[in-house]
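Here is the structure we will look at.
The values are calculated or read from the model by the stated rules, or taken from the named source; none is laboratory data. On a predicted model such as this, the values are computed, not experimentally measured, just so you know. Note: ideal-geometry Cβ built from the backbone for every residue, glycine included; neighbour counts use all protein chains shown. SASA here: full protein model, heavy atoms, side chains in, ligands and nucleic acids out. Shrake-Rupley method; radii C 1.70, N 1.55, O 1.52, S 1.80 Å.
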Amino acid sequence: MMMSIKEVTEITGISASALRYYESEGLLPYVKRDESGKRIYDQEDLEWIHFTTALRATGMPVAQIQEYVNLI
């Protein structure tokens, strides 16, 4: 099931700007786009979002999360 950024913000409680930031920093590496360039999310993306927010909740800096994502 594909979801828009608005749907993902409603599901996760994370703002659209935070999602865009996570993507730009490489923390959400597989976000796809539709033919008009809008972000579309799937279940795998939601799992990455939950994983990233869990690491942030531990106080892990973005740079370390980037390293971890690159290893995966």
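Which helices (runs of 4 or more DSSP H) does the chain wholly contain that include 1 or more residues that are open to solvent by 60 Å² or more (accessible area, probe 1.4 Å) and polar (S, T, N, Q)?
Values: elements: 5-12, 16-24, 43-57, 62-71.
The qualifying helices (runs of 4 or more DSSP H) are 16-24, 43-57, 62-71.
Please find, within region 36-49, the residue that is farthest from Val62 (Cα to Cα) out of those that are within 8 Å of the chain's Cα centre (by Cα) and not aliphatic (A, V, I, L, M). If we take residues in region 36-49 being within 8 Å of the chain's Cα centre (by Cα) and not aliphatic (A, V, I, L, M), then Asp45 is farthest from Val62 (Cα to Cα).
Condition test on Ile14, is it within 23 Å of Glu67 (Cα to Cα) and in contact with a helix residue (DSSP H, G or I) (Cβ under 9 Å, 6 or more places away or on another chain)? Spell out how you get there, then give the answer.
Working: within 23 Å of Glu67 (Cα to Cα): yes; in contact with a helix residue (DSSP H, G or I) (Cβ under 9 Å, 6 or more places away or on another chain): yes.
Yes; evaluated as a whole, the condition is true for this residue.
The listed residues are Tyr41, Tyr22, and the only one of them that is modelled with pLDDT under 95 and among the hydroxyl-bearing types (Ser, Thr, Tyr) turns out to be Tyr22. Can you pull out every residue in region 8-29 that is without any contact (Cβ under 8 Å) to a residue 40 or more places away in the chain, under 14 Å from Asp45 (Cβ atoms) and not small (Gly, Ala, Ser)? The answer is Thr9, Ile11, Ile14, Leu19, Arg20, Tyr22, Glu23, Leu28. Find all pairs meeting these conditions: Cβ atoms under 8 angstrom apart; at least six residues apart or on different chains; first residue within region 58-72 and in contact (Cβ under 8 Å) with a residue 24 or more places away in the chain and closer than 12 Å to Glu25 by Cβ; second residue open to solvent by 60 Å² or more (accessible area, probe 1.4 Å) and not hydrophobic (A, V, I, L, M, F, W, C). Hits for this filter: Val62/Glu25; Val62/Arg56; Ile65/Arg56; Gln66/Glu25.
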